[in-house]
Amino acid sequence: MASPAVLVLGIVGSGIMAAGIAEVALIAGHDVVVRSRSIRGANDVAARVAKNLDRRVERGKLDAATRDDALTRLTVTAQISDLAHCSIVLESIVEDMDSKVALLRELDTVVSNRAILATNTSTLSVSKLAMTTSHPNRVCGIHFFNPATTMPLVNALLFPYLNNAIKMMERGTASMDDIDTAMKGGCNFPMGPFALLDLVGLDTSLSILRTLHEASGNPADAPAETLLRLVADGHLGRKTGQGFHTY
Ligand SMILES: NC(=O)c1ccc[n+]([C@@H]2O[C@H](COP(=O)([O-])OP(=O)(O)OC[C@H]3O[C@@H](n4cnc5c(N)ncnc54)[C@H](O)[C@@H]3O)[C@@H](O)[C@H]2O)c1
């Protein structure tokens, strides 16, 4: 049987999701080009991917030769023109409409007419994003779950649940630790809502909740006050070392 075609996957962004998706695609045998706005950000993705692959080897989940081969297939760059030969480019930058539109318009002029432009947006309208490009029919949404390396899932219930956990804590119904413990022990979730919010990133969570709130118009969907305050203070979760918990 023929083996699956090897893609040249371009990924734009250097955040949590970009690095995880790069790792998944490399392990699946594809060539990956990661483009960040700065070469520092791009090199940082390469370092995180290498560290995670090393960890897989140490745990006996990947052999050293496969890791070495995967790393030879990873290119990082700050130049958008280095994505020109990609058959698919997935943007995974900040959850902000204007930033994504500006990027997709730029990508539109760089990649071939046959290339697919994909977005990892959590809540923004893929159709609206597509309509800002010259070939809307080649734009699609591919939403990865976090951590991309372990989660094959897309789940629309998640953010209202996370928001309501914060509001429950604000009302004094239960403490943050008690809610995390209850959801792990009672529902068998791998982590509680506050730990998950910190993992996702509080700024990303807030953008998602704002979009959901705008779409529903329901005051009950408004982002929780504590989330607004933490983001305003620059406490974005694991990525800054401080969120609901300290890391
Ligand atoms: N974090 C999650 O759990 C999760 C899950 C699924 C999808 N997503 C989506 O993935 C995308 C990225 O999320 P993340 O959690 O990796 O974010 P992140 O905060 O870790 O990274 C954001 C990236 O965007 C870049 N960036 C910021 N402003 C930019 C701009 N104006 N132009 C170009 N690049 C810019 C940053 O340098 C950084 O590389 C978002 O659309 C988010 O909704 C996130």
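Quick notes on this structure:
- Only protein atoms count toward the accessible area here, which uses a 1.4 Å probe; on region 158-240, the carbon and sulfur part of that area reaches 55 percent.
- Per the Kirkwood formula applied to alpha carbons, region 96-247 shows a radius of gyration over Rh ratio, Rg over Rh, of 1.03.
- Mean ellipticity per residue at 222 nm, deg cm²/dmol - from DSSP H runs of n ≥ 4 across the chain, formula -39500 (n - 2.57): -14500 deg cm²/dmol
- Spatially, region 13-75 and region 172-247 are offset by 28 Å when compared through their Cα centroids.
- Candidate lysines - alpha carbon under 18 Å from residue 184, same-chain residues fewer than 8 apart omitted: none
- Percent accessible area from carbon and sulfur atoms, region 8-141, protein chains only, probe 1.4 Å: 50
- With protein chains left intact and a 1.4 Å probe, residues in the chain average 52 Å² of accessible area per residue.
- Here's the list of lysines a cross-link from residue 51 could span, going by alpha-carbon distance under 17 Å and ignoring same-chain residues fewer than 8 apart: 61, 239.
- Charge-dipole axis of the chain as Lys and Arg at +1 and Asp and Glu at -1 on Cβ define it, positive-most pick from 70, 216, 232: 70
- For residue 141, distant residues with modelled amide H under 5 Å away: 119
- Only the Cβ atoms of Lys and Arg (+1) and of Asp and Glu (-1) were treated as charged; on that basis the dipole of the chain about its Cα centre amounts to roughly 340 debye.
- Low-density loop cleavage sites - trypsin sites (Lys or Arg not before Pro) in region 95-197, where at most 13 other Cβ are within 10 Å (DSSP): 114, 171
- For region 128-135, backbone phi angles converted through the Karplus equation (6.51, -1.76, 1.60; θ = phi - 60°) give residue-by-residue couplings of 5, 4, 4, 5, 8, 9, 7, 10 Hz, Gly and Pro being listed as x.
- Most mobile of 96, 177, 82 in a GNM of the chain (Cα contacts under 10 Å): 177
- Quotient of Cα Rg and 2.2 N^0.38 Å for region 8-141, N being how many residues it contains: 1.05
- Ellipsoid semi-axes in whole angstrom, largest first, where each is sqrt(5λ) of the Cα gyration tensor of region 158-240: 20, 15, 12
- Mean separation of Cα contacts under 8 Å, 6 or more apart, over the residue count of the chain: relative contact order %: 15
The values are calculated or read from the model by the stated rules, or taken from the named source; none is laboratory data. Because the structure is a prediction, the values reported are computed rather than measured. A quick note on method: Cβ atoms are made from the backbone with ideal geometry, for glycine too, and the neighbour counts reach across all protein chains shown. Just the protein is used for accessible areas: all its heavy atoms, side chains included, with ligands, DNA and RNA removed. Shrake-Rupley method; radii C 1.70, N 1.55, O 1.52, S 1.80 Å.
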